[in-house]
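Structure first, commentary second.
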Amino acid sequence: MSVFDRILQNEAARLEAFPVCRNSIFLAHAGVTALPRVVADAVIDYTRAASKQHQEFGSVLKDIQQTRAIAAQFIGGRSDEIALLGPTSLGLSLFANGIPWEPGDEVLCYADDYPANVYPWIDLRRLGVTVRYLEPERQGEITPELVAAALTPRTRMVALASCNYLTGYRIDVDAIGRILQERGILFSLDAIQTLGAFPVSVAHVDFLSADAHKWMLGPMAIGIVFVKKERFALLRPTLLGAWNVRSPDFIAQDRVEFPDSAMRYEPGVLNASGIYGMRAALQLIGGFGLENVSARILQLKAHLVRGLRALGFEIHGPADGPNASGITACFHPQASMAVLFKELERNGVIASLRHDRSGREYLRFSPHFYNTETEIDRVIAVLREARG
């Protein structure tokens, strides 16, 4: 029996590996995850060891480099293209602020993405950059055709999320990336809502940022920042320090020179405890097999959607198909989502309450592979009882 099957078929093993399941039904991985035991242990073990000696003891720097390699493998990049920084907004801001923009350059983004992937781009207006919004027919439904139709000769960057945080619409990263690559347009990807749950490839992506605290099942404020090596010369580091500017023997030089790797975007000491936690999280998911994780998430989503629809809920976003993700947002035309959210909380169900631009409320569920059909059935039962 594989480790994956053992966790799913042995309740004692599941509870041991994911302690949050002991006292709650955790369906909020699109928010801030609860840590698996192995991740918490990795953080604790490092921290305890660092209380007995300095924080860069022994193999710490070697382990950090190994984490780059693991992260690179996850997205199909190279370890020297990985900076270990978080949160996601830090990477996105480095991308936005490090490019030498010219007045009249265009950035294409989406106003109803999570704000962390909107504000860094619209702030570029102060530099004379034109920011244009994609306008899909349905929220989050960013298709290759929509992107292609919106491009102009002045479009220099397209900045998208790999998955919409509310509707769960998962974009075709490769198809969009190919279109942009053929036209010489830069592609920035906020991958936090898919990385750890679904395959993400940077084959046609220039820049990627994703914190570990959602689907990667890792700590907060540590993540993966990817910069394609061919873009190092273009994307100047905007945070400078002793680590990313050449300083032989820690002596400041009269010139600013950067290393020939993504470490050029890391200005100082790193979040070592977070890196150990993220490494453990990536190894956990990798050990289960990302294809198994993805299939299991979609299996749970289908079970959840059937139960919600049976109660009269409407699904906001794709319920199935190639653009479906682990996020399921829903509303009921005859109920208050805020009231139902409180009832779920009272019954130990951790989900999310979200709103769209019009003010409509949604319940957002985001189960991970270790959740169970029994937990989903309990959620449906709570909603049924609350509806009366």
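The values are calculated or read from the model by the stated rules, or taken from the named source; none is laboratory data. Remember, predicted model here, so these are calculated numbers, not experimental data. Quick reminder, even Gly has a Cβ in these numbers, built from the backbone with ideal geometry, and neighbours come from all protein chains shown. Heads up: the accessible areas ignore ligands, DNA and RNA and are worked out on the full protein's heavy atoms, side chains in. Shrake-Rupley method; radii C 1.70, N 1.55, O 1.52, S 1.80 Å.
Assorted remarks:
- Checked against (1) within 19 Å of P367 (Cα to Cα); (2) of a type in the set (A, V, I, L, M, F, W, C); (3) in a helix (DSSP H, G or I), I64 meets all criteria but (1).
- The residues in segment 63-92 that are of a type in the set (S, T, Y), open to solvent by less than 40 Å² (accessible area, probe 1.4 Å) and within 22 Å of I176 (Cβ to Cβ) can be counted, and the count is 1.
- Selection count, segment 182-224, where residues are in contact with a Pro (Cβ under 9 Å, 6 or more places away or on another chain), over 21 Å from Q65 (Cβ atoms) and open to solvent by 10 Å² or more (accessible area, probe 1.4 Å): 3
- Residue match in segment 347-367 (condition: farther than 16 Å from A30 by Cβ, in contact with an Asp or Glu (Cβ under 6 Å, 6 or more places away or on another chain) and of a type outside the set (D, E, K, R)): no
- Within segment 233-244, residues that are farther than 24 Å from L186 by Cα and hydrophobic (A, V, I, L, M, F, W, C) have Cβ atoms under 9 Å from residues that are open to solvent by 80 Å² or more (accessible area, probe 1.4 Å) and not in a loop (DSSP other than H, G, I, E, B) in these pairs: A242/F250, counting only partners at least 6 apart in sequence or on another chain.
- Any chance I350 is within 30 Å of Q9 (Cβ to Cβ) and open to solvent by less than 50 Å² (accessible area, probe 1.4 Å): no
- Each residue in segment 353-379 was checked for being open to solvent by 10 Å² or more (accessible area, probe 1.4 Å) and not in a loop (DSSP other than H, G, I, E, B), and 9 of them qualify.
- Within segment 351-376, the set of residues being of a type in the set (V, I, T) and within 23 Å of the chain's Cα centre (by Cα) comprises just one member, T372.
- Within the set R279, R306, the sole residue that is among the basic types (K, R), surrounded by fewer than 20 Cβ atoms within 10 Å (Cβ to Cβ) and closer than 26 Å to A34 by Cβ turns out to be R306.
- Filtered by the rule that a residue be touching a helix residue (DSSP H, G or I) at 6+ places or on another chain (Cβ under 7 Å) and among the charged types (D, E, K, R), segment 340-355 gives a lone residue, E343.
- With respect to being open to solvent by 10 Å² or more (accessible area, probe 1.4 Å), of a type outside the set (F, W, Y) and closer than 23 Å to I179 by Cβ, A116 falls outside the description.
- Enumeration of residues in segment 225-242 that are within 12 Å of the chain's Cα centre (by Cα) and surrounded by fewer than 24 Cβ atoms within 10 Å (Cβ to Cβ): none
- G128 falls short of the stated requirement of being open to solvent by less than 10 Å² (accessible area, probe 1.4 Å) and at positive phi.
- Those residues of segment 7-57 which are under 24 Å from the mean Cα position of the chain (by Cα), open to solvent by less than 30 Å² (accessible area, probe 1.4 Å) and over 14 Å from L284 (Cβ atoms), in sequence order: C21, S24, I25, F26, L27, A28, A30, G31
- Segment 249-268, subset open to solvent by less than 40 Å² (accessible area, probe 1.4 Å) and not in a loop (DSSP other than H, G, I, E, B), residue farthest from S162 (Cα to Cα): R264
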